[in-house]
Amino acid sequence: MRQPKVSVIVPNYNHAAYLSERLESILDQTYNDLELLILDDASTDQSHQIYKRYYSKPGVRIIVNAVNSGAAFPQWNLGIHLARGEYVWIAESDDSADPHFLENLVPLLDENPNLGVAYCQSLIMDVDGIQVGDSLNWTSDLDPDRWKNDFVNEGQDEILKYLIYKNTIPNASAVLTRRSVLRLVLPVDTSFQLCGDWMHWGKVLLHTDLAYVAEPLNFWRLGSSNSRTKTPGVVEWDEGQRVIRHLAKELKLSEFETTQIMMGFEERCENWVATAATEEQSTPTETRATAPIS
């Protein structure tokens, strides 16, 4: 079989409500040199009924787990292992994309061999698909203007100035990565429940540079995650300490510098917990959305 340029990996668990929109947003891309790998993690909803429409489509492979793996990151590892494309797009099953997502990001990697990561701004939507904002607020505490414009940066500088403080690539669906770089950092650490993506991007950027596109070509759905089981800020603190210490060690930061970063992250986590408590008291359960944390 001819090698596709892009391998699109869709890890799915019980997202039947969003699955058709997700898959069509991939197959409707204006850049279509791709393969589609659908990885079902033993879903118990109607996802399997939706798959029936895609088994016969060219370039589509569907793998269904007999037993649920318990987290998204084992599925990331499986998908990257199965991928044949030069580039990898992990397209989460509850998100969606602008038809021009790949058309904009693929050329960045094609024209710049030193770039291993290209990602874009995200529009945020609620569980009903209604747009409620973008993810600029997530990064504005680090720099209120930086993510409003396109940029390219050296990977370790990106970690040192931004990514070590919080996950500044907060939604995997917005990211296109070079598979040859991914192979350097596999496997994705499956001991994480939420912050495995943060650790993953950090390990990737220790080896490569990145580009950012300010145009919002990714549609990130909040309030639909199967991964969050505790108040925002709790798991982030437990897992985030590991990420910060790993990156600080790789960058050879002093213990004083590491402690200062850790104190700032602890304050963020405390604020997330407090915000969640306030929302719990003031917002009806059926309309409550989870803030972008991990």
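Taken together, the values in this text are just the output of simple stated rules run on the coordinates, not laboratory data. These numbers come from a predicted model, not from an experiment. Here the Cβ positions follow ideal geometry from the backbone for every residue, glycine too, while neighbour counts run over all protein chains shown.
Put +1 on the Cβ of each Lys and Arg and -1 on the Cβ of each Asp and Glu in the chain; which of Val175, Ser254, His207 then has its Cα farthest toward the positive end of the dipole?
Checking the options against the dipole of the chain, the answer is His207.
What relative contact order, as a whole-number percentage, does segment 6-229 give when Cα pairs under 8 Å and 6 or more residues apart are counted?
Once divided by the residue count of segment 6-229, the mean separation gives 27 percent.
About the Cα centre of segment 230-284, what is the dipole size in debye to 20, counting +1 per Lys and Arg Cβ and -1 per Asp and Glu Cβ, all else neutral?
220 debye
Determine the percent antiparallel among the DSSP beta bridges restricted to the chain, to the nearest 5.
In the chain, approximately 35 percent of DSSP beta bridges are antiparallel ones.
How far is it, in nm, from the label point at His48 to the one at Ile63 when both lie 7 Å from their Cα along the line to the Cβ?
1.9 nm
Work out the FRET efficiency for Val132 and Thr259 from their Cβ-Cβ distance, taking R0 = 30 Å, and round it to the nearest 0.05.
That gives a FRET efficiency of 0.25.
Return the long-range amide H neighbours of Gly85 (sequence gap of 5 or more, or a different chain), with a cut-off of under 5 Å between placed amide H atoms.
So Gly85 has HN proximity to Ser7.
So how do Arg221, Arg245, Arg2 line up by other beta-carbon neighbours within 10 Å, fewest first?
Neighbour counts put them in this order, fewest first: Arg2, Arg245, Arg221.
Quick one: Leu210, Leu34, Leu82, fewest Cβ neighbours within 10 Å first, how do they rank?
Ascending Cβ contact count within 10 Å gives the list Leu82, Leu34, Leu210.
Sorting check: for 61-70, 108-117, which peptide has the highest mean count of neighbouring beta carbons within 10 Å, and how do the rest follow?
Put in order of decreasing packing, that is 108-117, 61-70.
So how do His100, His200, His246 line up by other beta-carbon neighbours within 10 Å, fewest first?
Working: His100 13, His200 26, His246 16.
Exposure proxy ranking, most exposed first: His100, His246, His200.
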